[in-house]
Structure formats: structure tokens, C-alpha cells
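Single-structure report; data block below.
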Amino acid sequence: MEKFILGAALGMVGGALIVANNCKIRNLVKKNQEDLMQKAEQYIDSKLEQLENKGQSQQAN
């Protein structure tokens, strides 16, 4: 699921960059891309942390 979300986000941003000819719009799209990437990384990190916590709790039992 995470790979799909990340791929879709990158595809949308890439498509927008191809279409955008205006420098302002291009900069806005790049900023939004950075924000999306940060959010995706935070989401994936939280999922990995949850999996690690599950693994540690199962090992304790």
C-alpha cells in the first residue's frame, strides 16, 4: 500500500512538472512534492516502528 501511495504521488508530481511551464508553478509543485515525500516518509517510519514494537512484544512473550 505504501509503495502504491508513493508511486501515485510521484506520478502526479511528475505529470504536473511536465505540464507546468511557469516558473512559479514549477516551484510550487516542487515544494508540494517535498511536503508529500516528508509525509510519506513519516507514514512509512511510523508503520515500521509499529512492526518493530510488535516484534519486540512477541519476543518478550
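The values are calculated or read from the model by the stated rules, or taken from the named source; none is laboratory data. If you're wondering where the values come from, they're calculated on a predicted model, not measured in any experiment. Using ideal geometry, Cβ is built from the backbone for each residue, glycine included, and neighbour counts are taken over all protein chains shown. Quick note on the areas: whole protein, heavy atoms, side chains included, nothing else; ligands and nucleic acids left out. Shrake-Rupley method; radii C 1.70, N 1.55, O 1.52, S 1.80 Å.
Some values worked out for this structure:
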item	result
Total residues in the range 18-44, condition under 26 Å from Glu2 (Cβ atoms) and open to solvent by less than 90 Å² (accessible area, probe 1.4 Å)	8
Residue pairs meeting the criteria (Cβ under 7 Å; at least 6 apart or on separate chains; first under 14 Å from Leu10 (Cβ atoms), in the range 25-45; second open to solvent by 70 Å² or more (accessible area, probe 1.4 Å))	Ala40/Ile5
Residue in the range 1-17 that is modelled with the lowest pLDDT, counting only those that are open to solvent by 90 Å² or more (accessible area, probe 1.4 Å) and among the aliphatic types (A, V, I, L, M)	Met1
